[in-house]
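The values are calculated or read from the model by the stated rules, or taken from the named source; none is laboratory data. The shown structure was predicted, so the numbers you read here are calculated from the model rather than taken from an experiment. Cβ placement follows ideal geometry from the backbone for every residue including glycine, while neighbour counts extend to all protein chains displayed.
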Amino acid sequence: MSREDELVTLRQAMPPTASSNASVDWDQLARSWGKEFPSDYRQFIDVYGYGGIERYLAVLKPEPKGTVTENSDMANETEVAREAWSWVRKAPELAEARPELIAWGGDASADLLCWDASDEDPGKWPVLVYNRDDGQWRRYDCGMVQFLVRVLRGDFDECPLGDLSLWGREPAVFLNRHEEDRMWKAGLDPWTGEPDPYAGMFGD
């Protein structure tokens with residue numbers, strides 16, 4: 001299945017709810033990290049943006065390397081992942097691995113979702129997941145979009161994440177952060193669409 005077909009499949013499993021909230025200069029981002037990002041990830045961000053899936057899994061905001069601040073996403077989580085790699089046990093397939101980690105996601109179970117960006121071809125970057133429940137890293141030989149499709153379809157031997165919230169959850173709902181904020185400020189729970197008496201209390 002091509003990367004384009006994978007995105008079509010994901011759009012069926014998780015229809016976009018709003019236009020992307022991200023406008024990314026991919027050339028500038030590549031210069032910052034010293035490498036191009038995978039085409040499926042770039043297409044995902046261009047279509048969906050960054051935000052949450054079913055209030056459980058967060059797709060991180062793409063940002064330049066080294067911009068680690070209190071509010072940073074990709075840069076901060078990458079630093080966390082690289083630190084975790086140094087001490088967390090690894091599954092057998094990673095026993096000799098020396099990955100170059102870049103984080104692209106995290107979830108409510110405190111799992112870390114990364115690429116091993118060692119290969120010069122970003123189309124070959126596998127997904128590495130630190131499952132905190134299992135207390136180990138595992139490798140999944142697929143790209144980010146295919147990984148999400150397979151989670152939503154329950155298509156791995158077992159759920160790679162620390163919770164079953166997304167396992168076999170098709171169709172799923174993705175809300176980018178701007179859309180989620182907009183709904184909160186409108187007095188609605190973004191995940192149910194229902195009025196929420198506490199919504200709007202913490203806006204700008």
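Observations on the structure shown:
- The set of residues from region 13-60 being more than 16 Å from residue 143 (Cβ to Cβ), in contact (Cβ under 8 Å) with a residue 40 or more places away in the chain, not aliphatic (A, V, I, L, M) and not in a strand (DSSP E or B) comprises 15, 16, 17, 20, 21, 33, 49, 50, 54, 55, 56.
Conditions (1) within 18 Å of the chain's Cα centre (by Cα); (2) of a type in the set (Gly, Ala, Ser); (3) surrounded by 15 or more Cβ atoms within 10 Å (Cβ to Cβ), marked per residue:
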position: 110; (1), (2), (3): yes, yes, no
position: 120; (1), (2), (3): no, no, no
position: 123; (1), (2), (3): yes, yes, no
position: 150; (1), (2), (3): yes, no, yes
position: 193; (1), (2), (3): no, yes, no
position: 196; (1), (2), (3): no, no, yes
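- Selected residue (criterion: farthest from residue 49 (Cα to Cα)) from residues of region 2-23 that are more than 16 Å from the chain's Cα centre (by Cα) and of a type in the set (A, V, I, L, M, F, W, C): 8
- Hey, residue 117 hydrophobic (A, V, I, L, M, F, W, C) and closer than 18 Å to residue 39 by Cβ or not: yes
- Qualifying residue in region 89-100 (condition: in a helix (DSSP H, G or I), free of Cβ contacts under 8 Å to residues at least 60 places away in the same chain and either surrounded by fewer than 16 Cβ atoms within 10 Å (Cβ to Cβ) or of a type in the set (S, T, N, Q) (or both)): yes
- Residues in region 161-195 that are touching a Phe, Trp or Tyr at 6+ places or on another chain (Cβ under 8 Å) and assigned to a helix (DSSP H, G or I) were compared, and the one that is modelled with the lowest pLDDT is 184.
- Scope region 74-88; condition among the charged types (D, E, K, R) and either part of a strand (DSSP E or B) or touching a residue at least 24 places away in the same chain (Cβ under 8 Å) (or both); matching residues: 77
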